[in-house]
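Here the structure comes first, spelled out in C-alpha cells, and everything after it is commentary.
The values are calculated or read from the model by the stated rules, or taken from the named source; none is laboratory data. Because the structure is predicted, anything quoted here is derived from the model rather than measured. We place every Cβ from the backbone using ideal geometry, glycine too, and count neighbours over all the protein chains shown.
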Amino acid sequence: MRTHIGRGVGKYIEEELFNSKEYVKICSPNISYSLCKKLFELIKSNNDLLKLETKDFFSIKKCQSEINKQELKTNDTYDFLYPHLDDPSFTEKITKKKEFFDTAVEKITREQIVKALSGVIEPDLGKDIVTLDLVSGIEIDGNTISIEVKSSNPALHARKRMQEAVEFAIQRAFGSEIKSIVKVTALPSEERTVETRKILPGVKQIIAVASGKGGVGKSTVSSNLAVALAQLGYKVGLCDADIYGPSIPTMFGVQDYNPKPVEIDGKQLMEPVEMHGVKMLSIGFFADPDQAIVWRGPMATKALKQLFSDVNWGELDFMIVDLPPGTGDIHLSLVSDIDLTGAVIVSTPQDVALADARKGVGMFKLESINVPVLGMIENMAYFVPPDAQQYKYHIFGRDGVKRLSETLGVPFLGELPLLQTIRESGDVGRPVVLQGDSDAAAAFRSVVANLLEVLGKNVKK
C-alpha cells in the first residue's frame, strides 16, 4: 500500500511511513506537541490503516519542526540556537548560530536548487520551469537563496502564484530555516520559444488595435494597416476580435465567404479567408448577419481564443488584432492568452473620445497587463472639401491625440483625414490604401511607416 499524507510532510515521517509501507491519511488535525509525538510513535508501530481527522487544519512539517526544536533545546551541543537576552554568552551564541546556518547553506548546491525547482509546473504551458528555461538566476548568500523566474503570463496574479510555488518548493527541499527571495517577471516576447509561446507560435509580431470608445474608426484603421503591411511584402494576418460587432468581413467584401476546415497533424482547424494579401478570420463568418450576438463574458472569451488557436494561421510576420471598443473581458483574455508585441490606440481629437483613449492607454500600462503601447493614431483629424482642397477643417478638434500622446509619453503615429473615399472604400470591401497615390492611401502608409520605425524596422516613409 502507498502512503498518503497531507501537505507539509517532514522528511523523518515520510521515510518512516514509506519504509513500513503504511497507508496513513491525516486530515486537518490541530495537535499539541505531546499528541503529535504520540502520533508519530503510533505510525511507526501500527500496521493497520490509520485515519486521523479533526476539525482544525494542521501542517505535519510544522509539528515536526516543533519536535526538532524540543530536541535541540535539550541538547547542550545546540543550545546556541535558542539564546536568551539575559544569557551572558548571548552575542557569542548569535555569532555561532549564524556560522551554523551558513555552514548548512554552503552544502546546498545550485544543482540541488535546480532539482527542487524542476517540480514547479508552469500552469499555462504544462511543463516545469527548468525544462522551459524560465529560471534566469540563482544566488546563494548565507541562509538566503535568491531566484529569478520568468512567467509566460504577465498578469500580476499569475506571477504571484509562480512566486508562491517557487517559495514552497525551496522550503520543502531545504527547510524553513532557509530564506528564499523570488523575483518573477514577465517573459519578454523576444525570448519566446515554440515551447513558451502558448498560441500563434508562427507569428512574429502580434499588434492589437484598440479604442476607448466605439465609432472612432478602429476597424477601418485595422483593415488598412493590415493591407499596407502586406503591400510592403510582409506576411499578414487580421483577426477580428470584435465579437459583438464584427465588421472586417464587410470591409474586405468577403461577408459571404465560408472558411473551410482543414486537417493538420490530426487536428481539425479552420483555414482563414485571404484577400488583398491578408489572411483574416472573424466571428462574422459564422454568425447570422440579422441576429445580434448576445454572449456572456466566458462564452465571448472562449470564442476569441478559438479564433487564434483553432485556425491554420501558418507563418506570419504580423498579426493585426481588431479589438472591441472599451475595456473588458475580451481585453483581459487577450493579454492572458496571447503574447502581444504591443497595442495601438485609435481616437478622434474630440474631448469625449480622448477621455476614453486615456483610459485605454492606462489599461495596457497596468502592472497586471503590462503591454507596451506602440503609439496613438488620430483618426478623422481634418476634413478637406473635394471642391476646395485649399481648405482644411478640424471638425472634431485639432491635435488632441497628438497632445495626449505627448502627455502620456506614448509615440504619435500620425493623423488620418476624414474623407468620403475612406468611408466608401470600407463599404464596398476595398480598403482605401489600395487606391494608389491618393491622399488617404498616403496617410495610412505614413502611419505604417511610423509604426515600423517604433518596432525597429528600416522602412522608407
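Considering each residue of the stretch 115-138, count those that are outside any strand (DSSP E or B) and among the acidic types (Asp, Glu), and give that number.
Adding up the residues that qualify gives 2.
Scanning the stretch 132-170 for residues that are polar (S, T, N, Q), out of contact with any Asp or Glu (no Cβ under 8 Å at 6 or more places or on another chain) and either under 16 Å from LEU187 (Cα atoms) or surrounded by 21 or more Cβ atoms within 10 Å (Cβ to Cβ) (or both) yields a count of 1.
One line per residue, one yes/no per condition, for (1) touching a Phe, Trp or Tyr at 6+ places or on another chain (Cβ under 6 Å); (2) modelled with pLDDT of 90 or more; (3) surrounded by 17 or more Cβ atoms within 10 Å (Cβ to Cβ); (4) among the hydrophobic types (A, V, I, L, M, F, W, C):
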position	(1), (2), (3), (4)
ASN224	yes, yes, yes, no
GLY233	no, yes, no, no
LEU238	no, yes, yes, yes
PRO261	no, no, no, no
GLU271	no, yes, no, no
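Filter the stretch 273-292 down to residues that are modelled with pLDDT under 85 and not acidic (Asp, Glu) and give me whichever is surrounded by the fewest Cβ atoms within 10 Å (Cβ to Cβ). It would help to see each step written out before you state the result.
Restricting attention to the stretch 273-292, the residues satisfying the condition of being modelled with pLDDT under 85 are 283-292.
In the following step, the residues that additionally are not acidic (Asp, Glu) were identified as 283-287, 289, 291-292.
Numbers: ILE283: 23, GLY284: 21, PHE285: 21, PHE286: 14, ALA287: 15, PRO289: 10, GLN291: 7, ALA292: 9.
Ranking the qualifying residues of the stretch 273-292, first place goes to GLN291.
Of the helices (runs of 4 or more DSSP H) contained entirely in the stretch 382-461, those carrying at least 3 residues that are touching a strand residue (DSSP E or B) at 6+ places or on another chain (Cβ under 6 Å) fall at 400-408, 439-454. Could you check, for the stretch 326-345, whether at least one of its residues is modelled with pLDDT under 65, in a loop (DSSP other than H, G, I, E, B) and surrounded by fewer than 18 Cβ atoms within 10 Å (Cβ to Cβ)? Among the residues of the stretch 326-345, at least one is modelled with pLDDT under 65, in a loop (DSSP other than H, G, I, E, B) and surrounded by fewer than 18 Cβ atoms within 10 Å (Cβ to Cβ), which makes the answer yes.
Among the residues of the stretch 425-441, those identified as modelled with pLDDT of 90 or more and either β-branched (Val, Ile, Thr) or loosely packed, with under 14 Cβ neighbours inside 10 Å (or both) are VAL428, VAL432, VAL433. For the stretch 180-206, the set of residues classified as modelled with pLDDT of 85 or more and over 15 Å from the mean Cα position of the chain (by Cα) consists of SER180, ILE181, VAL182, LYS183, VAL203, LYS204, GLN205, listed by residue number.
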